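Enquirer: Quick one: structure below, then a few questions.
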Amino acid sequence: WAAPTAEQIGMIATNWNMGWIIENNVISDSKCSGITLGKERGTGPNVWSADQSIDGSLHYIEVIFRTLRNGWSKENIGSHIVRNNEIFNCEQTGICGSMGAAVSVIENNHIYNIWTKRQFNGAEIGGIKFHAAIDTKIEKNRIHDAGRGIWLDWMAQGTRVSKNLMYNNDLEDIFMEVNHGPTLVDNNLLLSPMGIKTQSQGSAFVHNLIVGQLCMWPEPGRFTPYHLPHSTEVAGLSTIFSGDDRYYNNIFLGFGKELNNKNSRCNYGLVGYNDTKLPVWISGNIYYNKAIAFKEASNNVENPNFKPDFKIVEEGNQVYLYITLDESVAELKTRFITTEILGKSKLPNEAFENPDGTPLKIYTDSYGNKRHETNPSDGHFETPEFVKPLNLKVLYLFIIELT
């Protein structure tokens, strides 16, 4: 087991280099990690274990500056491609990376049965676990039956999590810890009982299907870095105030078993954002069943009397999602989401844009279908013009297949 302050070792490891392509592999039964894109030993081997007199987060800040002095930059480290791999039966992570995963593309991987034996406790455990995923894209991955799906911890800036399928994960599908953004989470199917945990700010959640609960809380006790736009260079340090988030065109099913609601952190829908310190922008969302809207939300639909039918069926490499929706999917007026609408995350003062600095448009759904440019459908799936819910319920069949 390796902390982010240590050298991270996997069955395949990039050894603090640049530009690896790791594709079409079957990787299984690692005691710890399947693939690691993480840091090397020279900038800090288990420094917290050697000196426990100060908090581990302070050690990690020191390690970050140590890596910068030793060449951590977009020109030297990262820019990896990890795609089309099957990764399973690993006890720490499927893919991890402390700082070395920056500017990388993680796509079309099937990751499952991670941390099922519970051989470790603590942090650094998940299907994908990254620190400093700066300008990294995590797209079209199927992650299930893991402790956590995707865990973005510290310095997720310019990161995009898009078109992933996640289900049957024990703790949550996505955990975003002490990041300042901008981080874009769009067109994902988050089907576990806990969809999102965010102890971060400066994020945008757009066109997602979220089955279960959402947790949000500040972190006043830890100072974590934010960077100059599209750079590893540290611009400053701050705590997490909570807020500075955007939610557009999502569907909340409000479905699943009751989970931890300690201190009102975890709720169905966006009611947990009612008292954030920083502003939030929330519009065009659908709330079913137990899901409750943000108190100042505009242009949304709430239907607490509608409990969607919901079932996942796996058949080999195909996953079928059976779900009932009501007529609100066709009635709600939404906006086509662009960089201009999303704006900038507060502290980095960086726009929600492509890694090369160009504006982005969320112009396709999870399957590559073109989004309607004046009134796109809520959720991950763009409803064709000829499909209109005429009755109270309509049954959709969704298929995800990794090739």
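The values are calculated or read from the model by the stated rules, or taken from the named source; none is laboratory data. Keep in mind that this is a model prediction, so the values were computed, not measured. Counting neighbours? That spans all protein chains shown, and the Cβs are built from the backbone with ideal geometry, glycine included. Ligands, DNA and RNA are excluded from the accessible area calculation, which covers all protein heavy atoms including side chains. Shrake-Rupley method; radii C 1.70, N 1.55, O 1.52, S 1.80 Å.
Enquirer: Taking the Cα centre of the range 108-222 as the origin, how large is its charge dipole in debye, to the nearest 20, when only Lys and Arg (+1) and Asp and Glu (-1) carry charge on their Cβ atoms?
Expert: Magnitude of the dipole: close to 200 debye.
Enquirer: Which shape class applies to the range 123-251: rounded if a/c is under 1.5, otherwise prolate when a/b exceeds b/c and oblate if not, where a ≥ b ≥ c are the square roots of the Cα gyration tensor eigenvalues?
Expert: Prolate, since a/c reaches 1.5 and a/b exceeds b/c.
Enquirer: Here's a follow-up. Considering the chain, which cysteines have no disulfide-compatible partner, defined as another cysteine with its Cβ under 4.7 Å away?
Expert: Flagged as lacking a Cys partner: C32, C90, C96.
Enquirer: I would also like to ask the following. Rounded, prolate or oblate: which one fits the range 204-334, using the alpha carbon gyration tensor with axes a ≥ b ≥ c (rounded when a/c is under 1.5, else prolate when a/b beats b/c, else oblate)?
Expert: Details: a/c = 1.87, a/b = 1.62, b/c = 1.15.
In terms of gyration-tensor shape, prolate.
Enquirer: Still on this structure, I have one more. Would you list H180, H230 from the most to the least accessible area, probe 1.4 Å?
Expert: In descending accessible area the options line up as H230, H180.
Enquirer: What ranking of D356, D153 comes out by heavy-atom accessible area, probe 1.4 Å, highest first?
Expert: Numbers: D356 115, D153 10 Å².
Accessible-area ranking of D356, D153, largest first: D356, D153.
Enquirer: Hey, can you grab everything whose amide H is under 5 Å from the amide H of R222? Only 5+ residues off in sequence or another chain; H modelled, so Pro and N-termini drop out.
Expert: Sorted by chain and number, the residues that satisfy this are I240.
Enquirer: A further question follows. In Å², what does the accessible area per residue of the chain work out to with a 1.4 Å probe?
Expert: On the way: 15660 Å² over 403 residues.
Ligands and nucleic acids excluded, the figure is 39 Å² per residue.
Enquirer: Could you pull out the GluC sites (Glu not before Pro) across the range 68-102 that fall in loop regions by DSSP (anything but H, G, I, E, B) with no more than 13 other Cβ atoms inside 10 Å?
Expert: E75
Enquirer: Using the structure shown, select from K137/K295; K163/K344; K163/K290; K140/K370 the pairs with a Cα to Cα distance greater than 28 angstrom.
Expert: As for pairs spanning more than 28 Å Cα to Cα, those are K137/K295.
Enquirer: For the chain, what relative contact order do you get, as a whole percent, if you take Cα pairs closer than 8 Å and at least 6 residues apart?
Expert: 11 percent
Enquirer: Carbon-plus-sulfur fraction of the accessible area of the chain, 1.4 Å probe, in percent?
Expert: On the chain, the fraction of accessible area on carbon and sulfur atoms equals 49 percent.
Enquirer: Going by alpha carbons, how many degrees (0 to 90, nearest 10) lie between the helix axis of 56-69 and the longest principal axis of the chain?
Expert: It works out to around 70 degrees.
Enquirer: Same structure, new question: Quick one: net charge around I35, please, counting Lys, Arg +1 and Asp, Glu -1 for every other residue with C-beta under 15 Å from its C-beta. Before the final figure, lay out the partial values.
Expert: Working: positive: K31, K39, R83, K129; negative: E7, E23, D29, E86, E91, E107, E124.
Taking every other residue near I35 into account, the sum is -3.
Enquirer: Could you tell me the distance between the Cα centroids of the range 1-76 and the range 127-196, to the nearest Å?
Expert: 19 Å
Enquirer: Given the rule -39500 (n - 2.57) for each run of at least 4 DSSP H residues, summed and divided by the residues of the chain, what is its mean residue ellipticity at 222 nm, to the nearest 500 deg cm²/dmol?
Expert: Taking each H run of at least 4 residues, the total per residue is -1500 deg cm²/dmol.
Enquirer: While we're on this one: With charges set only on the Cβ (+1 for Lys and Arg, -1 for Asp and Glu), what does the dipole of the range 15-90 come to about its Cα centre, in debye to the nearest 20? Spell out each step's value before the answer.
Expert: Values: 7 positive and 8 negative charges, 34 e Å.
Rounded to the nearest 20 debye, it is 160 debye.
Enquirer: If you work out semi-axes √(5λ) of the Cα gyration tensor in Å from the coordinates, which of (1) 33, 23, 20; (2) 36, 28, 17; (3) 46, 27, 23 do you get?
Expert: The value computed from this structure is option (1).
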